[in-house]
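Report on one structure; see the data block that follows.
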Amino acid sequence: MNHWRHTFILIAICFAFHSPGQSSSTNSSPRVYRDRVEANWFADAAGKTNRFWYRVAIARGEHAFVVVDAQEGTRAPAFDHARVAQELARQAGAGISSNQLPIDALDFLRDGKTMKFRSAGTDWILNLETHALERSVAATSESSLPASRTPRPSVTTGAETSIRFENRLPRELNFFWIDPDGNRQRYGTLRPGETREQHTYAGHVWMATEQNGDILAVFQAEARHGAAVIDGLVPAEPQRSRRSERAGRLSSSGGRSPDQNWEVIVRGHNLFLRDARNGKERQLTHDANPDSSYARNADAERSVELNYESRDPEAPIPEIYWAPDSKHFVAMRLKSGTQRRVYIVESSPEDQLQPKLISYPYLKPGDEVPIRKPHLFDVEQGRRIETSDALFSNPWSISDVRWDRDSRRFTFVYNQRGHQVLRVVAINADDGSSTSIVDEQSKTFINYSGKFFCEFMEESSELIWMSERDGWNHLYLYDARTGRVKNQITRGEWVVRSVDRVDREQRCIWLQVSGIRADEDPYHVHQARVNFDGTGFAVLTESDGTHSVQYSPDRTFAVVTWSRVDQPPVTELRRTRNGKIILKLEETDASELYASGWKPPERFVAKGRDGVTDIFGVIFRPKDFTPSRRYPVVENIYAGPQDSFAPKAFRTNYPHQKLADCGFIVVQLDGMGTANRSKKFHDICFKNLADAGFPDRILWIKAAAAKYSYMDLNRVGIYGTSAGGQNALRGMLDHGDFYKACVSDSACHDNRMDKIWWNEQWMGWPVDESYVKSSNVADAHKLRGKLLLMTGELDRNVDPASTMQVVNALVKADRDFEMLIVPNVGHGAARSPYGGRKLQEFFVRAFHDKEWNNVSAHVENGTN
């Protein structure tokens, strides 16, 4: 029993030092300073925006305000901090430190001599020449933050700012900060009529509720000071499908024609044309029915790609696109698909004793999808113009419907079921004939969900299109009238990651690229610019790291921040004309962090399965790392083909470190089959999610162990969540001679059980034997080693029944395993405080049984 005692001592120490709920921002945690610059551009007397200010953290609880003149290339304090502190202290009757000025909502006036700001709820005017300070008669301008009723996690942490909450309701309410995990952190109450200044950060989400918990308003903080008014008046939020947001927002003008003379209505699922001048109606269609209707069905559209609970049916309205001359219109007709619902049980609801049964629409691979197709109508003749759907016969989606300015044709983007055909189709308004402007086809898949860009430029009859047709993700310029490729805009063995802006006047594109420099990590993001004709390509960033950028309003200047996992952020000011640096704004002060014993993860590169391709990843070591000790290795895996996942940017608190500090070497890498490299690299995943890059992963880990003898390859574990959970268990099933312990969390263990859009994107359609070959359920009998399965009972992302099906297969195969179902938790049970603790505890028990002498030494030394 002595070894179990040591096990639990190690676990206790591990979690005492590294609670999953612990934040790097706690008072005791080491911090970094000068790591963030949020540029606030302002105009001078001539109206030019060549200057900006920012607030920067310089020490624990201390900050400074800086003004930069980008044109002159100067950086200086925004004002005399000591004199302002003295003046504020005199006015307030209390001491104020010059490095802790309680200032926000700065506003530099165009005269260059005056600044307005808010401090402790009071508005002030500062004379920058004399530093005279007086109360402002007119309140400093503040924006009113938009309110919604949809809570969401705080996913970004920008510049320090503040929100002024104002309760205009005749009753007391509660308000909360929503943390990055989506948990509510209570911040007290607001009495009727009360206002309160709340320090926060840009991007943080705040919520006001009734005493019974009903949500009143949700606000997101912005860089400038904002007012959060709670008055019960929150506008309804439009419902949009992710499909339309990816492919370009729908631009329907609704049922009324542009000349206001006609209106299209739906009655009994059929279309009627009403003359708005005299009220006369004409029935246009007679063959519609509930299963094939001209009425929009938002629930049917949501069920394809959104896994949210169905709302009340919307009123029967048509989806209409009018020609600018009002002579024709397009109506979308919807054919119903599979009405599949997923059912889950909420075992422990907070508002009642008895469990609740919850259901929601959720289509799965192979289900019939709702099909929307366009139908063309002639208004003068009151008839439908017959069109052949040969170019769009089997849609996954039809989106971005738009008319040409001359009303002679309309176009749309057609994504074919199976995701191997993506077209821009044009239909002639006079005769209904159809042509293909863009006809993208692939023998594997077209990554419409991650590498899609299509922008029409009506003024020049051109469109910009994104494609991997030459083996790399690039941009092409098309003649939108004829479908002729005028030129390839970008080219080379690197990829366009995204398009930031299309400048039609200057005929240039601002974009993000990676793999652009052969001697760098190919996943590092750089900023670039290129002309429509492919000339003038310029990379605007040059450091060996991954970059983010803030442009000046006229894009003459760029505030660029770059970092790596092993390089704290550096922020520079650059000219966008040539990318040349003007001056360094800030270099992160990480001395406090390094003094605490913190060490960054190591970047590591090894060859993949072909012996040629470099595979990139990172290695995390324990804080008390000792090279003479042998450490188990645990891989954090997520091989979802939609992106790449190994860390690239600097962070002080990657979650990998918590597990590493329990006595492990933790690694993460991107094997073949993930995105952001070549098409060939990506295509490994096609109909083959079981591969998950394991041939590359195992070679990479072996290469690291060959270099570092303290990595013990007799004790290798693996863990992951969601697709990573599927990957983790697959590693145990197919490579049980290498991986000896696994935590699989919230996983889809059979791709036929998961959401339709994600799985058909990579596994294809129709559903075939490839789905079975990638199924953990079908291969559960192959399990060797130690396994912990986790899932949240309220997971709406991945059907929890998928975990239970693999459990059933393991039981039938008489395989030993552990299981944890977390009540009242959704997707990502391992990310909950309890789930995170159990994950770490599992690997400690799995791999540290034979090292109790070392463990005892660590315990006696007060370390882990």
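Its Cα centre serving as origin, the chain has a Cβ charge dipole (Lys and Arg +1, Asp and Glu -1) of approximately 780 debye. For segment 442-499, GluC sites (Glu not before Pro) meeting the loop criterion (DSSP other than H, G, I, E, B) and having at most 16 other Cβ atoms within 10 Å: E458, E459, E493. Summary of packing: across the peptides 619-629, 536-546, 219-229, the per-residue average of other C-beta atoms within 10 Å ranks them, highest first, as 219-229, 536-546, 619-629. The charge dipole of segment 459-586, taken about its Cα centre with unit charges on the Cβ atoms of Lys, Arg (+1), Asp and Glu (-1) only, comes to about 380 debye. In this structure, S98 and R651 have a Cβ-Cβ separation that, at R0 = 41 Å, corresponds to a calculated FRET efficiency of about 0.85. Can you classify segment 711-864 as rounded, prolate or oblate using the Cα gyration tensor, where a ≥ b ≥ c are the square roots of its eigenvalues, rounded means a/c under 1.5, and otherwise it's prolate if a/b beats b/c and oblate if not? Since a/c reaches 1.5 and a/b is larger than b/c, the shape of segment 711-864 is classed as prolate. On the beta carbon distance between A518 and K607, with R0 = 22 Å, the FRET formula returns roughly 0.85.
One chain, two ends: Y834 and T122. Fully extended at 0.36 nm per residue, the span grows by 251.9 nm beyond their Cα-Cα distance. Stretched out straight at 0.36 nm per residue, the stretch from R168 to V155 would grow longer than its current Cα-Cα span by 1.8 nm. With the whole protein complex present, V266 retains an accessible surface near 20 Å², based on a 1.4 Å probe. Distance from the alpha carbon centroid of segment 751-770 to that of segment 431-494 works out to 26 angstrom.
Here each label is just a point 7 Å from Cα along the line to Cβ, and for A76 and M457 those points are 4.2 nm apart.
Placing R0 at 35 angstrom, the Cβ-Cβ distance between H781 and R186 gives a FRET efficiency of 0.10 after rounding to 0.05.
Label-to-label distance for E380 and E769 is 6.0 nm, based on points extended 7 Å past Cα in the beta-carbon direction. Packing order of peptides 743-750, 831-838, 145-152, 790-797, highest average first: 743-750, 790-797, 831-838, 145-152 (average count of other Cβ atoms within 10 Å over each peptide's residues). Within the accessible area of the chain, the carbon and sulfur atoms contribute 48%, probe 1.4 Å, all protein chains present.
Based on protein heavy atoms only, the chain ends up with 42 Å² per residue of surface accessible to a 1.4 Å probe.
Taken along the Cα-to-beta-carbon direction at a fixed 7 Å, the label points for T49 and E129 span 2.8 nm. Separation of segment 690-706 from segment 617-665 is 15 Å, based on Cα centroids. Distance from the C-alpha centroid of segment 501-570 to that of segment 792-810: 42 Å, rounded to the whole angstrom. The order of the peptides 705-713, 756-764 by mean Cβ neighbours within 10 Å, most packed first, is 756-764, 705-713.
The values are calculated or read from the model by the stated rules, or taken from the named source; none is laboratory data. The structure displayed is predicted, hence computed values, not measured ones. We place every Cβ from the backbone using ideal geometry, glycine too, and count neighbours over all the protein chains shown. Protein only, heavy atoms only, side chains kept; ligands, DNA and RNA dropped before computing areas. Shrake-Rupley method; radii C 1.70, N 1.55, O 1.52, S 1.80 Å.
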